[in-house]
1. Multiply the residue gap between Leu21 and Thr34 by 0.36 nm, knock off their C-alpha separation, and tell me the result in nm, one decimal place.
2. Per the helix-only calculation at 222 nm, which mean residue ellipticity applies to the chain, given -39500 (n - 2.57) for every DSSP H run of n ≥ 4 and division by its residues, nearest 500 deg cm²/dmol?
3. Modelled label-to-label distance, Thr103 and Arg6, 7 Å Cα→beta-carbon offset: nm?
4. Show me 29-39, 10-20, 89-99 ranked by packing, highest mean number of other Cβ atoms within 10 Å first.
5. What is the extension gain from Arg85 to Lys110, computed as 0.36 nm multiplied by their sequence separation minus the C-alpha to C-alpha distance, in nm to one decimal?
6. Angle, helix 40-53 long axis vs. longest principal axis of the chain, Cα atoms, 0 to 90°, nearest 10?
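Derivation of every value follows stated rules applied to the coordinates shown; laboratory data play no part. What you are looking at is a predicted structure, and each value in this text was computed from that prediction instead of being measured. All Cβ positions, even for glycine, are placed from backbone atoms using ideal geometry, and neighbour counts span all protein chains on display.
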Amino acid sequence: MMHAARLFDIINARDFKEMPLVLSETATLDFPKTPLITGRNRIATFFKALFRRFPELHFEVVRAISQGKWTAVHWRNKGSDRDKRPYENEGVTLIRMDGGTITDITDFFKSTEKF
């Protein structure tokens, strides 16, 4: 569960140099309304683009549950888009670990209307 919590710390800090270090080279991100993203650097690039669109977005981890190589993270986020319009959402991210790095990230969230 350590890397799952660390991933959200990295996301909130916008630390895109650290992000690839917790992801496997062939990590995947399955994000609603986007094609599957493969590769740690492409995932970091995706988050950079997301935060250009939502520069003031912050995630709060509500709870995390682990079983084997998988962790489910229930989160809430709040902030605003680049036009200063308020935004908030809630969801679950499934994170798979293998060999000390994150190999898979799958997001599910309540509202996808802004994506």
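1. 2.3 nm
2. One gets -7500 deg cm²/dmol as the mean residue ellipticity at 222 nm.
3. So the two model labels end up 1.7 nm from each other.
4. Most protected by this proxy first, the peptides run 89-99, 10-20, 29-39.
5. 7.2 nm
6. Taking Cα atoms only, the helix is inclined about 20 degrees.
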